[in-house]
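Report on the following structure.
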Amino acid sequence: MLLSPAALPFMEAVAQRARALTLRHFGRTISLYAPLYLSNYCTNGCAYCGFASDRVQPRRRLEPPEVEEELAMLKGMGFEEVLLLTGERTTQAGFDYLLECVSLAARRFHCVGVEAFPMDTGEYALLADAGCSGVTLYQETYDPRRYGRLHRWGPKKDYLARLDAPARAMDAGIRTVGLGVLLGLSDPTFDAVCLLRHAAHLRRIHWKSGITLSFPRLRPQAGNFVPPFPVDEAWLARLVFAFRIVLPDVPILLSTRERPDFRDGMAGLGISKMSAGSRTSVGGYGEAEPATDGQFQVGDRRGVPEFCSMLRNRGLDPVFKNWDSVFRDAEGDAHG
Ligand code: SF4
């Protein structure tokens, strides 16, 4: 109902309700995290992605000493939460490589998340033991037929293997799972309803774990895929408000895909967690300007100090650390 045309005249009231619920559950805080792209090797043919295997661009992975350098740079920017990203499982960047990178990150960061390929329960358990507390895995679209067409080749074509992966991660002891849809690919109302059902189902079955939600919109990328269902900022805002009202205690993320003015307006208005100062290319934090195309174009290029000062000017506190690794270690001991 909140997404229906009938709700449009009530948007101001809906926005105020979303603001009040965000304040009640998250206070005047915005949690900050940084993405770190480990590798852009990929065997998948996602039609909408700049890293798809048919895109011509230099491919590389960060070697462990380079991972350490990028982690040190993010730490120097103040971050305590890092999200490690790769493409599909490849010989260059497979599970063992990812596991090593998680271990490196867990030595420096209180909170380490992974956004990579779907894994089996045993692999997720190994990641958790190595210090990974979050797994992000967007279904992209919940429409199986459209999903099949957009994922032209590669393991990601398997809709059900992806759909079940968040539950496997939770079974394995991963504390938080990030769900989402890539807006622009399919009917956004249908995808929103399916996402809500997926989130509600996981919360019911895996009540000890947490979930987060994100609604990335398609950005210009190598390959120039044109979104068949473009979603504007007003619609994205309605989506955030609706999920805040229906799932009031679930963190909702907004990345640097979006432009600064929109991000500023949404901070605290449903949104409780944001990235800042992001680079979407491999090794991007060490470059003055990224030498290669990232996975997508960044919409908000502000640095971390500028972004934090915007938050403070709006009466919000940027929070870099909301989880202490001592708990992670204690959980590991308990499982061991
Ligand atoms: S979206 Fe992920 S899996 Fe698909 S091509 Fe891009 S990096 Fe590979």
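The values are calculated or read from the model by the stated rules, or taken from the named source; none is laboratory data. Here the structure is a predicted model, which is why all the values come from computation and not from measurement. When we count neighbours, we look across all protein chains shown, and the Cβ atoms used for this are built from the backbone with ideal geometry, even at glycine. These area figures cover heavy atoms from the full protein model, side chains too; ligands, DNA and RNA do not enter into them. Shrake-Rupley method; radii C 1.70, N 1.55, O 1.52, S 1.80 Å.
Some values worked out for this structure:
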{"quantity": "Full-extension gain in nm, SER309 to ALA288, via 0.36 nm per residue minus C-alpha separation", "calculated": "5.3 nm"}
{"quantity": "For segment 6-46, the Rg and Dmax computed from alpha carbons only, in angstrom", "calculated": "18.8, 47"}
{"quantity": "Cα-Cα pairs of segment 180-258 separated by more than 17 Å (percent)", "calculated": "46 percent"}
{"quantity": "Nearest-0.05 FRET efficiency for PHE327 and ARG152, computed from C-beta distance (R0 41 Å)", "calculated": "0.45"}
{"quantity": "Share of pairwise Cα separations in segment 48-89, more than 11 Å, in percent", "calculated": "74 percent"}
{"quantity": "Choice from SER281, SER309, SER186 with maximal GNM fluctuation in the chain (Cα, 10 Å cutoff)", "calculated": "SER309"}
{"quantity": "Segment 77-124 - Rg over Rh from alpha carbon coordinates, Kirkwood radius", "calculated": "0.98"}
{"quantity": "Extension gain, LYS75 back to ASN224 (0.36 nm per residue minus Cα-Cα distance, nm)", "calculated": "50.3 nm"}
{"quantity": "Protein accessible area in the chain, 1.4 Å probe - carbon and sulfur %", "calculated": "55 percent"}
{"quantity": "Per residue accessible area in Å² of segment 211-314, where ligands, DNA and RNA are left out and the probe is 1.4 Å", "calculated": "38 Å²"}
{"quantity": "Solvent-accessible surface ranking, highest first, for TRP235, TRP207 at 1.4 angstrom", "calculated": "TRP207, TRP235"}
{"quantity": "DSSP bridge orientation in the chain - percent antiparallel, rounded to nearest 5", "calculated": "5 percent"}
{"quantity": "Charge dipole (the chain, unit charges on Cβ, about Cα centre) - positive-most of SER39, ALA237, VAL282", "calculated": "ALA237"}
{"quantity": "Average accessible area per residue (Å²) across segment 1-88 - probe 1.4 Å, nucleic acids and ligands excluded", "calculated": "45 Å²"}
{"quantity": "Net length gained if the chain between ARG19 and ASP187 were fully extended (0.36 nm per residue, minus Cα distance)", "calculated": "57.9 nm"}
{"quantity": "Check: the chain dipole with +1 on Lys, Arg Cβ and -1 on Asp, Glu Cβ, in debye", "calculated": "960 debye"}
{"quantity": "Relative contact order %, the chain, counting alpha carbon pairs below 8 Å whose residues are six or more apart", "calculated": "26 percent"}
{"quantity": "Charge-dipole axis of the chain as Lys and Arg at +1 and Asp and Glu at -1 on Cβ define it, positive-most pick from GLY315, LEU21, ALA105", "calculated": "LEU21"}
{"quantity": "Accessible area, probe 1.4 Å, largest first, for residues LYS208, LYS321, LYS156", "calculated": "LYS208, LYS321, LYS156"}
{"quantity": "Taking the C-alpha atoms of the chain, convex hull volume expressed per residue in Å³", "calculated": "125 Å³"}
{"quantity": "Translational diffusion coefficient (Stokes-Einstein; Kirkwood radius from C-alpha pairs) of segment 23-154 at 25 °C, 0.890 mPa s, in µm²/s", "calculated": "153 µm²/s"}
{"quantity": "Point-charge dipole on Cβ atoms (K/R +1, D/E -1) for segment 231-326, about Cα centre, debye to 20", "calculated": "200 debye"}
{"quantity": "Contact order relative to length of segment 23-62, as percent, for alpha carbon pairs under 8 angstrom and 6 or more apart", "calculated": "36 percent"}
{"quantity": "Positive-end residue, the chain charge dipole about Cα centroid, Cβ charges, pick of GLY173, GLY122, HIS198", "calculated": "HIS198"}
